[in-house]
1. Quick one: is residue 144 in a strand (DSSP E or B) and in contact with a strand residue (DSSP E or B) (Cβ under 9 Å, 6 or more places away or on another chain)?
2. Answer yes or no as to whether residue 211 is under 27 Å from residue 87 (Cα atoms), surrounded by 14 or more Cβ atoms within 10 Å (Cβ to Cβ), modelled with pLDDT of 95 or more and not assigned by TED's automatic domain parsing to the domain that holds residue 56.
3. Name, by its number, the condition in (1) part of a loop (DSSP other than H, G, I, E, B); (2) more than 26 Å from residue 130 (Cα to Cα) that does not hold for residue 40.
4. Out of 40, 92, which single residue is at pLDDT 90 or above and over 30 Å from residue 204 (Cβ atoms)?
5. Could you tell me whether any residue of segment 176-190 is assigned to a loop (DSSP other than H, G, I, E, B), modelled with pLDDT of 95 or more and surrounded by fewer than 12 Cβ atoms within 10 Å (Cβ to Cβ)?
6. Out of 252, 221, 210, 244, which single residue is in a helix (DSSP H, G or I) and over 19 Å from the mean Cα position of the chain (by Cα)?
7. Mind listing whichever residues of segment 1-37 are outside any loop (DSSP other than H, G, I, E, B), modelled with pLDDT of 90 or more and surrounded by fewer than 16 Cβ atoms within 10 Å (Cβ to Cβ)?
8. Does residue 229 satisfy being closer than 23 Å to residue 162 by Cβ and either touching a residue at least 60 places away in the same chain (Cβ under 8 Å) or not in a strand (DSSP E or B) (or both)?
């Protein structure tokens, strides 16, 4: 099947009978959340001149991918609607630019947060274009103005697991109808934090929880995706491996 010249394809739709053996499953990722790195990896495995089909349910890819193709000199052919997602077709160029730089930027990226005490019993956190308030670590009230740092730790883990699970499911074409994760844990000895005792420590001994999933997919498939989620979740990996923490103090 001959398709129109890539240079004039623009936003053209690719004929339904055009096919390529090289397929990249993007799930619901967009170009700003890792899809481009997945495309890079898939593109490097096909010959120059070969065509890669990229499947994604994220509509913004239709606007962003052509610009990336122009920058990297991988000709954009066009797109077509698929079963629950869109298919985008890109030809591998012979002088792809920026590949190593993109990989290095991703590998070397540092996630940063700035925290400022507000003078009371809470602190303000600033990350990128987001900000939120963290309450005191040890509060036994039923209600507080802000969540505690321990609650935010649990929520960070739960959020990471939920997002990782649905991303992995989407890349396998598995539809998740509902997903809810409950997490909890008990501090070894909160009185260490309060300065009243020295035995034990002030951290969580164990975090336990349950993920509740509603899906028409086979239970064995859901189990496989969950196991992969536990393997690759950045937050869970950080907690389970015990990241080295090196935080200094400066008087200003």
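1. no
2. So residue 211 does not fit the description; no.
3. (1)
4. 92
5. Yes, segment 176-190 contains at least one residue that is assigned to a loop (DSSP other than H, G, I, E, B), modelled with pLDDT of 95 or more and surrounded by fewer than 12 Cβ atoms within 10 Å (Cβ to Cβ).
6. Answer to the check: 221.
7. Listed by number, the list holds a single entry, 23.
8. Criteria met by residue 229.
The values are calculated or read from the model by the stated rules, or taken from the named source; none is laboratory data. What you see is a predicted model; the values in this text were computed from it and never measured. Counting neighbours? That spans all protein chains shown, and the Cβs are built from the backbone with ideal geometry, glycine included.
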